[in-house]
Structure formats: C-alpha cells, structure tokens
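Have a look at the structure below, then the notes.
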Amino acid sequence: MQAVILAGGVGRRLEPYTTVLPKPLMPLNDCPIMEIVIRQLAFYGFKDVLIAAGYLSHLIEAYFQDGERYGVSVRYFKEEFPLGTAGPIGQLLEDLEDNFLVLNGDVLTTLDFADLYNSHVDANWAATIAVSSRTEKIDFGVLSYDENGLLDSYTEKPTYTFDVSMGINVLQKNEILPFIDPGKYLDIPDLMVSMHDAGKSVFCYTTDCQWLDIGRIDDYKLAGELFEQDRDVFLPPG
C-alpha cells in the first residue's frame, strides 16, 4: 500500500517555531509529528511513502532519509512553488498506485489507516474522506435576527459540534486524473467538490478515534499533552 504525505506548507500559524523547523518536524516531546505518522503507516502496512515537500525540505529529507529505519521506502518530491494540498499529486502521477492514501504530515491520530484504505478499495469509491467529530465553543454571544434586524435568538457562548475533514483521504488514481493539472495549484476541498459535482462517488468515512491537527499553537500544545499521556496509543510497537 502507498501513502503520500503532504509536507510542503510553511506553517505560519505556528510561527515563530516554524521559522527554523518545517511543521512536520515539530516535536511532540522527543518525537517529530511526522515520525509518528510514518511509524503508524509502516505498522498498518504502507511500505511505499512519497513525501511532497517544499519549505525547508532539506531538513525533512535529512531526518527521514530513505525511510529504512522505519521499515518503509521514502521518496521525495520537491515543490518549487506552493501547489496547495492537492496540487502536489499532479507531480506524482507516474509514481502513484491505483489507490493511494494522502494525508497531511502534521496530524496526530489513532485512526486505523489500513481499515480506511481497505474500506475505500472494497467499495470502489472514487475518493474517501476521513471524518472526525469536532466540538467548538464560541466565546461570544451568538445572535440570529430577521431581515428587519429584529432579534430572533441570543445564545451566550454556545457549543457546536461539526463533522470535519481529518486531512486524511484515499483517492483512486484514474478518477482524479480529469481534475488535476500538473503544476497547477489545487486544494483537497476543491478537488473533492469538483469530483462530487461531476457525479463521482466521494465517501465520508467516520470512525471513533482520536485526532488533532497541530496547525494552531493551542492544538500543538494539546497534542503534546495527549502524546505524553498516551504515548503507547499513538506509537505502534517497535
């Protein structure tokens, strides 16, 4: 099985940390977040790992090298300019298997990657999006009112629950080809919407797992705490 790790972003929301480190090398305690991801991928049987890197890519390549010590083969593809979260796939088309996992290099999760992948392949979906339930508290009074400006409701600091993308997807190569132009900027949400609008089967895979995107400083700190508390939950044996 094959996985593409997206590691090209600058990570501006984590500045000043990311002025010296690419976001995927941000450590959770003593372990870079992308090392956790790669070790999980190896555990679930993903032996071919393609890394789409851009910002400070030489540090990522120096750290992971050929992937041998993790039990995987790692190959690198350099973004000469930002291509978004789906655009880099256009550079990899000749190297991609019929179905492949694509994920951000900065996610902390207990997701069973193999079950996600196998569910996608068995159902022959064009694309599969891993979905997590996220609860957010709004620290303001939320209003609704009619077209005349008259108050309908006023809810102080409400809490909402949303189904959100985990930044982890499985794609069928032949199904995405009409929507990706090599060298053109494209984000995963735009790719998924275009496929859906064209009548392609885009499946939302839900499961009970822990998940955090460390793109914000608050989430990064929380991820570090969770990893420290439950290290064995996130790191597979070996």
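The values are calculated or read from the model by the stated rules, or taken from the named source; none is laboratory data. From a predicted model like this one, the values you see are computed outputs, not experimental measurements. Positions of Cβ are generated from backbone atoms using ideal geometry, with glycine treated the same way; all protein chains shown enter the neighbour counts.
Here are some residues: Ile89, Ile138, Ile60. Which one is buried (at least 21 other Cβ atoms within 10 Å of the Cβ), over 22 Å from Ile36 (Cβ atoms) and touching a residue at least 12 places away in the same chain (Cβ under 8 Å)?
Details: Ile138 fails: buried (at least 21 other Cβ atoms within 10 Å of the Cβ); Ile60 fails: over 22 Å from Ile36 (Cβ atoms).
Residue meeting the stated conditions: Ile89.
Do any strands (runs of 3 or more DSSP E) lying entirely in the range 28-135 carry at least 2 residues that are of a type in the set (Ser, Thr, Tyr), and which ones are they?
Details: elements: 48-53, 73-78, 99-104, 107-109.
Counting at least 2 such residues, we get 73-78.
Any residue that is touching a helix residue (DSSP H, G or I) at 6+ places or on another chain (Cβ under 6 Å), surrounded by 19 or more Cβ atoms within 10 Å (Cβ to Cβ), in contact (Cβ under 8 Å) with a residue 24 or more places away in the chain and not hydrophobic (A, V, I, L, M, F, W, C) - is there at least one of those in the range 159-172?
As a first pass, look at the range 159-172 and keep what is touching a helix residue (DSSP H, G or I) at 6+ places or on another chain (Cβ under 6 Å): 170.
With the extra rule that they be surrounded by 19 or more Cβ atoms within 10 Å (Cβ to Cβ), the set shrinks to 170.
So of that shortlist, the ones also in contact (Cβ under 8 Å) with a residue 24 or more places away in the chain come out as 170.
Pick out the ones that are also not hydrophobic (A, V, I, L, M, F, W, C) and you get none.
Within the range 159-172, not a single residue is touching a helix residue (DSSP H, G or I) at 6+ places or on another chain (Cβ under 6 Å), surrounded by 19 or more Cβ atoms within 10 Å (Cβ to Cβ), in contact (Cβ under 8 Å) with a residue 24 or more places away in the chain and not hydrophobic (A, V, I, L, M, F, W, C).
Return yes when Lys184 is loosely packed, with under 12 Cβ neighbours inside 10 Å and closer than 27 Å to Asp95 by Cα and no when it is not.
Numbers: loosely packed, with under 12 Cβ neighbours inside 10 Å: yes; closer than 27 Å to Asp95 by Cα: yes.
Here the answer is yes, as Lys184 does meet what is asked.
Would you confirm, using the coordinates I've provided, whether Val4 is closer than 26 Å to Asp219 by Cα and in a strand (DSSP E or B)? Break it down stepwise before answering.
Values: closer than 26 Å to Asp219 by Cα: yes; in a strand (DSSP E or B): yes.
Yes.
Among the candidates Lys200, Lys221, single out the residue that is of a type in the set (Lys, Arg) and within 20 Å of the chain's Cα centre (by Cα).
Of Lys200, Lys221, the one residue that is of a type in the set (Lys, Arg) and within 20 Å of the chain's Cα centre (by Cα) is Lys221.
Kindly indicate whether Thr110 is buried (at least 18 other Cβ atoms within 10 Å of the Cβ) and either closer than 16 Å to Ala223 by Cα or at pLDDT below 95 (or both). I'd like the intermediate steps shown before the answer.
Numbers: buried (at least 18 other Cβ atoms within 10 Å of the Cβ): no; either closer than 16 Å to Ala223 by Cα or at pLDDT below 95 (or both): yes.
For Thr110, the condition - buried (at least 18 other Cβ atoms within 10 Å of the Cβ) and either closer than 16 Å to Ala223 by Cα or at pLDDT below 95 (or both) - is not met.
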